[in-house]
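Heads up: the structure comes next, in structure tokens.
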Amino acid sequence: MTTIPAETPAEQPGKSAIAQSFGEDPAHYDRARPRYPQDLIDRIAAEPDGRTVLDVGCGTGIVARQLQAAGCTVTGIEPDPRMAAFATKSGVTVEVAKFEDWDPADRRFDTLTAGMTWHWVDPTAGARQAARALRPGGRIALFWNAFQVPPDLTEAFAQAYATILPEAPMYQRGLRDSGVQDTRDIYAPLLTSTADLLQQNGFDQADRWRDEWRRTYTRAEWLDLFPTFGGHALMPPETVAALQEAIGAEIDAAGGEFVVEYATVTVSAVRRDGGGAVS
């Protein structure tokens, strides 16, 4: 899908502006964004002695609320005060800070999570900070929702972006030039580099998990979702409206709804006894 590259922004221009744009409309973001598979949430919550969780980049509290419902005590870290305020109102304890600069204040957590946010964190500084925040034997679980739209709609959506935003090729990348056969594998290089950095900075037993699932989107649901993807909040409203009209017409032509194949991909590791390279 054309918008996947904007969700892996470490090398994208305007990274800071894109990151800040998610807080423009927290209620919309929280309403539209998909949740995470219950199997993954249960796997994290079932971790032995893993009931205190630090959720990095908690945003509006989507991950935190799912973990709370599974019985965990969650503290969120969120740099955007607008997102943090929404999460607080939804029942999540949030500390407003950039994770790399956050002070654990001698606290140690059982588990650290980050859903769709670790790519906004400096990878080396973040790994070291995570090791400081976790107790020996504590687990880190960093995960992303990757998805694949049916090929015909992938191409149709890419054409809509090419027509409306010809000056922005990053939004026009369809399956034909994404570099992978299945866009659910788009995060594979990030998972590999993240696992390597964790092992270099205080963690052992790096592992990958993959939870596959699917969701049927109606026209209205998809038109609500895609403007929450990275960078769209920076577009003029009339551009977003034009994209919604063009993409909506393609969905109508496809029967008014379609199935999106998801894979929630996770890199997980255990904090080394003694911490290793965390000084």
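Observations
- The P(r) of the stretch 147-263 has a tail past 19 Å containing 55 percent of all C-alpha pairs.
- Of ALA242, GLN148, GLY137, farthest towards positive along the dipole that unit charges on Lys, Arg, Asp, Glu beta carbons give the stretch 125-279: GLY137
- If you plug the beta carbon distance of ARG43 and MET170 into 1/(1 + (r/R0)^6) with R0 = 45 Å, you get a FRET efficiency near 0.85.
- The spacing between the stretch 101-149 and the stretch 220-279, judged by their C-alpha centroids, is 21 Å.
- Using a probe radius of 1.4 angstrom, the carbon and sulfur fraction of the accessible surface of the stretch 89-205 is 50%.
- Mean separation of Cα pairs under 8 Å and 6 or more residues apart, divided by the residue count, gives the stretch 63-221 a relative contact order of 16 percent.
- Cα→Cβ-extended label distance, 7 Å offset, between GLU24 and ASP122, nm: 2.8 nm
- For the stretch 11-145, the Kirkwood radius over C-alpha pairs fed into Stokes-Einstein at 4 °C and 1.567 mPa s yields D = 87 µm² per second.
- Only Cα sites of the stretch 198-252 enter the Debye sum here, all with the same form factor; the resulting log10 I(q)/I(0) across q = 0.23, 0.28 1/Å is -0.91, -1.13, listed in q order.
- Projecting the alpha carbon convex hull of the stretch 84-137 along each direction and taking the average yields 4.3 nm².
- Percentage, to the nearest whole number, of Cα pairs in the stretch 73-174 over 22 Å apart: 49 percent
- 222 nm mean residue ellipticity, helices alone, for the chain (DSSP H n ≥ 4; -39,500 (n - 2.57); rounded to 500): -10500 deg cm²/dmol
- In the assembled protein chains, PHE22 presents an accessible area of approximately 30 Å² (probe radius 1.4 Å).
- Across every pair of non-identical alpha carbons in the chain, the mean reciprocal distance, once inverted, gives a Kirkwood radius of 19.3 Å.
The values are calculated or read from the model by the stated rules, or taken from the named source; none is laboratory data. On a predicted model such as this, the values are computed, not experimentally measured, just so you know. Ideal geometry is used to build each Cβ from the backbone, glycine not excepted, and the neighbour counts take in all protein chains shown. With ligands, DNA and RNA removed, areas are computed over all heavy atoms of the protein, side chains included. Shrake-Rupley method; radii C 1.70, N 1.55, O 1.52, S 1.80 Å.
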